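Undergrad: Let me give you the structure first, and then I'll get to my questions.
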Amino acid sequence: MIFNNSCIEEFTPDINKYDYNLVVEGQITNLSGPYTVKLSQTSPLDSVILKPVKKAQVVIEDDSGNTITLTESKDGLYSTLNSDFKGTVGRKYRLKINYNNNSYSSNFITLKEPVEIQDIYTEVEKRDINVYPYESYGYEFFIDSEDITADTSYLYWEMTETYKFNSEFPIDFIYISDSIMPYPNPMEFYTCWKTNLVPEIVIHKHIKQTSNNIKKLPLYYVDNLSRKLTIRYSLLVKQLNIDAETYLFLNRIANQDNNNQSLYTTQPYQIKGNMYNINDENEQVLGSFIVGGASEKRIFVDRPIGTIFHYRHCSPDYEGVSHLNTFQPPVYLSSEDLGLATANAICFDCRLRGGSTKKPDFWTD
Amino acid sequence: MIFKINKLIPQFIFLILTVFVFNFTSFGQKIKINNIEKYNNLKWEDWVLKIEKDYKLNFYYNPDSIPNFTVIIKNDSTLFKNQLNQILQPFKIKASIDQKGNVFLLKNHEIKTNIFSSFYKKEKYSTDNNNSVGKYLITKNEIITKTKIVGDKNKKVTGDLTVTGVVKDFYKKTIISGATIFISELNKALYSDENGEFSINIKKGEYIFILESPESRQEKYKVTIYSSGRLDFYLETNLISIDEVVISSNQYHNVKSNQMGFENISAKLIEIIPSVLGERDIIKVSLLLPGIQSVGEGSAGINVRGSPADQNIFYLNHIPIYNTSHFFGFFTSVNSDAIDNLTIYKSNIPAEYGGKLSSVININAKTGDLKKFKASGGINPITGRLMIEGPLKKDKGSFLIAARSTYSDWILKFIQNEDISNSKIKFADGIVNISYEINQNNHLKLTGYYSFDKVNFAERNKYDYQNKGLSFSLKHFFNKKLKTEFFIIHSEYSSTDENYEDPSYPFKQNFKINHDELKIKNSYNINSDHLLVFGFNSIYYTLDKGSYIPLNLQLHLPQINFGISKALENGIFLNHEWNISPSISLLTGVRYNIYSKLGPEKVFKYEKNSVINESSIIDTVNYSNNKIIKTYQNPDIRISGKYIINEDFSVKVGYNSIHQYTYMLSNTIAISPFYKWQLSDYHIKPMSGQQLTVGFYSNFLNNNYEFSFETYYKKIKNLIQFKDGANITFNKYIETDILQGDLDSYGFEFMLKKKFGKLNGWINYTFSNAQNIVKNPILENNINYGLPYNADYDKPHAFNLVANYEIVKRFSASANFVYSTGRPITYPTGVYYYSGVRVFNYTKRNEYRIPDYVRLDISFKIEGNLRSKKLIHGTWIFSVYNLLGRNNAYAIFFKNENGLIKSYKLSIFANPVVSLSYNFNLGNYENK
């Protein structure tokens, strides 16, 4: 009966102070821009919100003194306006920020020769998931890359996923000012495309000595526990050839809490990137400016055949129709098999799930 | 009529000896005491005192066999002996009275005292050249009067004489190490060594020797020394009182010994103190002593006075054990059955030991019985144990074999936690101990040790490791003053870990260390005031630093071979013990270490004053096999002094400096089952430590209570610390992940022991502070921004209570209570997102603490019956670990759940752990 009772329970530690540090997230590659730099502040554990850092001066500078200024396009998001501006392989770049009477900078980092992606492909895979009574089912994405020339290469895959999905119901009617009226375009918000940055950091240190290519390296797994694979799914893989320091930084973020429930944890620590305060080296600036030679490849996959999806579906609410005035507007209705039904607006309007009804330019069906 | 005479009656404590000092008139068997009712209504002990005083009688009996009842005797003018028998009859005690007025009270036995009287006459002045004459009287189960004569009465001698001898168990004839031999007249205490031997320089005369060991009661002898010679003592163990746990070392230890920062735990104590799953564990017991801590349950290793776990060394009969844990540190890899005792030096480490800064822990294995074959064993929910011992040649040589093994991991299946119920454990260990006395001047000893663990932890980690060791020792006495001990020691530890924690990148790693040692230790008794111990030891380390083998072959990941590593550590030492006066003594020791890191090795040289990493390499030097890469030479100094203020109170001061050339490669907070040892090399400097200790010691209430207060300050330089985010698994050039800093540690320890009686035990409180600092002009070479931070295991307040209570014979209870401040922890001071990934921002290391630790354990022990004729004697032990069921925190961790940060507490033993174990030995209780 050793650990029989080994137990995990919620516990609120008494943390009496929080630090507010500048967080930098920026990138330049040899691919076309615009390049963006995101500036934000750390937040306390009990109220995690993105706190954009506004009205900063942000400049990317190369080793021959050329600069390009980034302008704030959204709160805390700074972008290069000139889309002709491109990073050049072999050049060195650094990021400079002026904010709140402080100057921050990264070191100069060489933009490395990109490594070409040979292939991205998928395999159907089942996985056991502890929290669900059933196993998950989905696609594992793999990458092959070849002709890696450097003795040691540090590769980082930044992935962006786009998927097409439908709402549960078309908008047949709308309830406005105590009356139910037919909706002019029932399919208006029925189909959406949603694009996300894959919140996973996948990196790899490649040593040429053993092989000059990468074969079947697992990148990402998408399963049937969400709407992502319900119609058609696309993954854009950006392969960046980065420097050792950035690799180390990303590796630390990727592994930060690999073992925090285990008996044997290492001492946690502050993950430092390549940004520093020019005037005060003791100020803790977080995040990093990434300079990498990049190549991209996109892949499409369709709904896996015969898959049952296990996400939270909307059910039609037939009884609710009798007291529509109690619902938060807009109130939509759909004519279902058993009659008129209502539901939460999110079940009618795919945009409320973060999608866009505009089909992306790259999308092929 | 009452005799009111005898001005010569000495103090009661010396009564026992008066038999031979004064010539008593003979009372004989026919003694009669008139008006005996005048003594009525006194308590037994007072009654005896009064009768002894008034009638010049001397009572001999075992105080435990007769309770302190109220004496009432009717004056019926019968013989005193009959009266005695009558009142003692309920206790099955029979009285015998000899002609000298000695009253012997023995269980079920009457002595034919007329035989004794002739025995006295014949033996009293007999001497036999240089051989001891043990003048003890033996009945079936008791030893009575004790006097000893050494040497030849007629020999003309001047100056110092040397008396050597051995302390043995009277029944088993096994040696007793760590017994105190206190010589009242000289106010001097010495100890029997690990072979039970002692040696003293002394002048001709009569002395009172008071012997005591953790296993036995105090015994007093009158020793008459005529010339140099041999003096052996046979102490009665175990039989005095069943279940009496004699705690700690002994009474003279505390106040009068030269030692400080020293602890001794006997095997008996381990038996009764409650333990997890009933598995007796000597190292877990040591955690109840002041100044000894661990990170938490499930961590290997102990932390002594603020030092990390790798600064301790564990010797099993001189074999160093590089991994002392079974099953994640829940158990110790040495079977407690085979352990005689354990001694810990927390400070004032003798100069014969070097190479570990914090403590030396000697685990002394039992020596086999010299008379007859014996078997014993036990079973509990986890392990089964068996021990066999017996003579190889009667009274000359013996063997002991002890083995222990897990017999099942069925118990894990009952566990709710999936990780655990999916785990498989298997471990075993064994000890073989052979001793042989070739002749009086040459003794041989051979000890073999083996342990292994195979743990499959939820298919995530497969740990597989083993210790092997062998020690051979030959002791030779050149003469009475000089003896030499010669040791050959081999120890090896090897370990592998198959790691599936990251399913995409599974790997396998391994490691092995070989330790080959030669040691010579000489002890030279110059005279009664000067003892020299000198010699050298030489250790040859060969490490296979192992390899990192990726197990996902599809990825073409390279295998990393870390290569081999060798070093030679030599030390010469000299210890001088000087008794300046009976109350002042001084111990000085020096040790000179010469350590050489040897090839083969490829050594990178890095740019000076820069962060050392791949890009700062300026040169590469290849060293061939056994070529010296770097030599470190360091002197160590050990000084301590003792001043006895009065019989019951002393002050001691000590200073130690030590160097350490090995370190543990482990950067987890609790030490995981897989770790490597490394050697100081071209880049990694040896760690050095200094400790200053002051202590006050007192015994009171008839020496039944022992109090000590010790305070220490410790400074360690070149402490090994790992850089933030160090990945020691893959790093072939470990110097790039190591930073060397300082450790400052101080504290004080209160300890109060009650040593005897139905209720015995101890209470201690320790205040301590241990802080690391790693500060460097180069920003990247700082830890915690160069500011001091609490050591991972720092627990400022620690309180332990251990109580054993004998309810009735055969049935006893024991409890311990443990409190300590929670260990330090680093909490995040902010959170942010990078590339969609949530990142915690940590700032100051170990700034916070996990909740305090509180635990109460209890155990009950029931001995089988005490019939003398039976096949098996059994003992049942029922124990409850963590009786309060308190969810003591082991760790606090944070998780991101649907965008919310949640914090959790992980406990290991969240409910009481109940166990029942059975121990047996063939034969009756005596054979235990």
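Undergrad: How do the pairs read when you match residues in the stretch B:716-744 that are farther than 21 Å from residue B:657 by Cβ and hydrophobic (A, V, I, L, M, F, W, C) with residues anywhere that are assigned to a loop (DSSP other than H, G, I, E, B) and modelled with pLDDT of 95 or more, using Cβ under 7 Å and keeping only pairs 6 or more apart or on different chains?
TA: B:738/B:684; B:739/B:774
Undergrad: Only residues that are part of a strand (DSSP E or B) and either surrounded by fewer than 22 Cβ atoms within 10 Å (Cβ to Cβ) or out of contact with any strand residue (DSSP E or B) (no Cβ under 7 Å at 6 or more places or on another chain) (or both): list them for the stretch B:642-655, please.
TA: Those that are part of a strand (DSSP E or B) and either surrounded by fewer than 22 Cβ atoms within 10 Å (Cβ to Cβ) or out of contact with any strand residue (DSSP E or B) (no Cβ under 7 Å at 6 or more places or on another chain) (or both): B:643, B:644, B:645, B:646, B:649, B:651, B:653, B:655.
Undergrad: Among the candidates B:865, B:888, B:896, B:921, which residue alone is surrounded by 22 or more Cβ atoms within 10 Å (Cβ to Cβ), more than 8 Å from every other protein chain (Cβ to nearest Cβ) and out of contact with any Gly (no Cβ under 7 Å at 6 or more places or on another chain)?
TA: B:888 is the lone residue from the list that is surrounded by 22 or more Cβ atoms within 10 Å (Cβ to Cβ), more than 8 Å from every other protein chain (Cβ to nearest Cβ) and out of contact with any Gly (no Cβ under 7 Å at 6 or more places or on another chain).
Undergrad: Give all pairs with beta carbons closer than 8 Å in which a residue from the stretch A:14-36 that is touching a residue at least 40 places away in the same chain (Cβ under 8 Å) and assigned to a loop (DSSP other than H, G, I, E, B) meets a residue that is buried (at least 21 other Cβ atoms within 10 Å of the Cβ) and of a type in the set (A, V, I, L, M); count only pairs at least 6 apart in sequence or on separate chains.
TA: Listed by first residue and then by second, the contacts come to A:21/A:285; A:21/A:286; A:30/A:111; A:30/A:294; A:31/A:294; A:35/A:28; A:35/A:60; A:35/A:70.
Undergrad: Take residue A:305 and tell me if it is modelled with pLDDT of 85 or more, loosely packed, with under 15 Cβ neighbours inside 10 Å and either among the hydrophobic types (A, V, I, L, M, F, W, C) or in contact with a Ser or Thr (Cβ under 7 Å, 6 or more places away or on another chain) (or both).
TA: yes
Undergrad: Which of the residues spanning the stretch A:199-224 are in a loop (DSSP other than H, G, I, E, B) and either more than 9 Å from chain B (Cβ to nearest Cβ) or crowded, with 20+ Cβ neighbours inside 10 Å (or both)?
TA: Matches in the stretch A:199-224: A:201, A:208, A:212, A:224.
Undergrad: Using the structure shown, decide if residue B:927 is modelled with pLDDT under 85, at the interface with chain A (Cβ under 8 Å from one of its Cβ atoms) and surrounded by fewer than 21 Cβ atoms within 10 Å (Cβ to Cβ).
TA: Criteria not met by residue B:927.
Undergrad: Need the failing condition index for residue B:765 against (1) over 30 Å from residue B:919 (Cα atoms); (2) surrounded by fewer than 22 Cβ atoms within 10 Å (Cβ to Cβ); (3) out of contact with any His (no Cβ under 9 Å at 6 or more places or on another chain), just the number.
TA: The failed condition is (3).
Undergrad: Within the stretch A:225-234, can one find any residue that is at the interface with another protein chain (Cβ under 8 Å from one of its Cβ atoms) and either in contact (Cβ under 8 Å) with a residue 12 or more places away in the chain or surrounded by fewer than 18 Cβ atoms within 10 Å (Cβ to Cβ) (or both)?
TA: no
Undergrad: Go over the candidates B:69, B:80, B:104 one by one and state the one that is farther than 22 Å from residue B:810 by Cβ, in contact with a helix residue (DSSP H, G or I) (Cβ under 9 Å, 6 or more places away or on another chain) and at pLDDT 80 or above.
TA: B:80
Undergrad: Cβ-Cβ below 6 Å, separation at least six or inter-chain, first residue in the stretch A:335-362 and surrounded by fewer than 18 Cβ atoms within 10 Å (Cβ to Cβ), second basic (Lys, Arg): which pairs?
TA: Filtered contacts from the stretch A:335-362: A:354/A:194.
Undergrad: Mind counting the residues in the stretch B:456-504 that are within 14 Å of chain A (Cβ to nearest Cβ) and closer than 30 Å to residue B:166 by Cβ?
TA: 0
Undergrad: Give me the residue from the stretch B:325-336 that is more than 14 Å from the chain's Cα centre (by Cα) and either in a strand (DSSP E or B) or touching a residue at least 60 places away in the same chain (Cβ under 8 Å) (or both) and, out of that set, nearest to residue B:489 (Cα to Cα).
TA: Among those that are more than 14 Å from the chain's Cα centre (by Cα) and either in a strand (DSSP E or B) or touching a residue at least 60 places away in the same chain (Cβ under 8 Å) (or both), it is B:333.
Undergrad: Please work out if residue A:55 is more than 18 Å from residue A:284 (Cβ to Cβ) and either buried (at least 22 other Cβ atoms within 10 Å of the Cβ) or over 19 Å from the mean Cα position of the chain (by Cα) (or both).
TA: yes
Undergrad: Moving to a separate point now. Without any contact (Cβ under 8 Å) to a residue 60 or more places away in the chain, more than 26 Å from the chain's Cα centre (by Cα) and more than 7 Å from chain B (Cβ to nearest Cβ): which single residue out of A:62, A:84 fits that description?
TA: Residue meeting the stated conditions: A:62.
Undergrad: Right, next: Examine the stretch A:133-140 for a residue that is surrounded by fewer than 19 Cβ atoms within 10 Å (Cβ to Cβ), within 12 Å of another protein chain (Cβ to nearest Cβ) and among the small types (Gly, Ala, Ser), and state whether such a residue exists.
TA: no
Undergrad: A further question follows. On the basis of being out of contact with any Leu (no Cβ under 8 Å at 6 or more places or on another chain), surrounded by fewer than 19 Cβ atoms within 10 Å (Cβ to Cβ), more than 13 Å from chain B (Cβ to nearest Cβ) and closer than 16 Å to residue A:225 by Cβ, does residue A:190 make the cut?
TA: no
Undergrad: For the list (1) under 21 Å from residue B:783 (Cβ atoms); (2) more than 8 Å from every other protein chain (Cβ to nearest Cβ); (3) out of contact with any Ser or Thr (no Cβ under 9 Å at 6 or more places or on another chain), I need the number of the one condition that residue A:276 fails.
TA: All conditions pass for residue A:276, except number (3).
Undergrad: Does residue B:671 satisfy being in contact with a helix residue (DSSP H, G or I) (Cβ under 9 Å, 6 or more places away or on another chain), in contact (Cβ under 8 Å) with a residue 12 or more places away in the chain and of a type in the set (Val, Ile, Thr)?
TA: Yes: the conditions hold for residue B:671.
Undergrad: Of B:612, B:658, B:639, B:629, which residue is in a strand (DSSP E or B), farther than 24 Å from residue B:348 by Cα and among the hydrophobic types (A, V, I, L, M, F, W, C)?
TA: Criteria check complete, one pass: B:629.
Undergrad: Tell me the strands (runs of 3 or more DSSP E) entirely within the stretch A:54-123 that contain at least 3 residues that are farther than 30 Å from residue A:300 by Cα.
TA: Fully inside the stretch A:54-123 and qualifying: A:57-62, A:67-74, A:92-99, A:102-106.
Undergrad: Continuing with the same structure: Among (1) β-branched (Val, Ile, Thr); (2) modelled with pLDDT under 80; (3) within 22 Å of residue B:647 (Cα to Cα), which single condition is residue B:157 missing?
TA: Only one criterion is unmet by residue B:157, namely (3).
Undergrad: Would you say residue B:834 is under 30 Å from the mean Cα position of the chain (by Cα) and within 14 Å of chain A (Cβ to nearest Cβ)?
TA: no
Undergrad: Among the residues of the stretch B:554-568, what is the count of those that are in contact (Cβ under 8 Å) with a residue 12 or more places away in the chain, in contact with a Ser or Thr (Cβ under 8 Å, 6 or more places away or on another chain), surrounded by fewer than 18 Cβ atoms within 10 Å (Cβ to Cβ) and assigned to a loop (DSSP other than H, G, I, E, B)?
TA: Result for the stretch B:554-568: 1.
Undergrad: Follow-up. Can you tell me which residues in the stretch A:276-297 are within 21 Å of the chain's Cα centre (by Cα) and closer than 25 Å to residue B:833 by Cβ?
TA: Answer for the stretch A:276-297, where residues must be within 21 Å of the chain's Cα centre (by Cα) and closer than 25 Å to residue B:833 by Cβ: A:286, A:287, A:288, A:289, A:290, A:291, A:292, A:294, A:296.
The values are calculated or read from the model by the stated rules, or taken from the named source; none is laboratory data. Please read these numbers as outputs of a predicted model, since none were measured by experiment. So basically every Cβ, Gly included, is an ideal-geometry build from the backbone, and we count neighbours across all protein chains shown.
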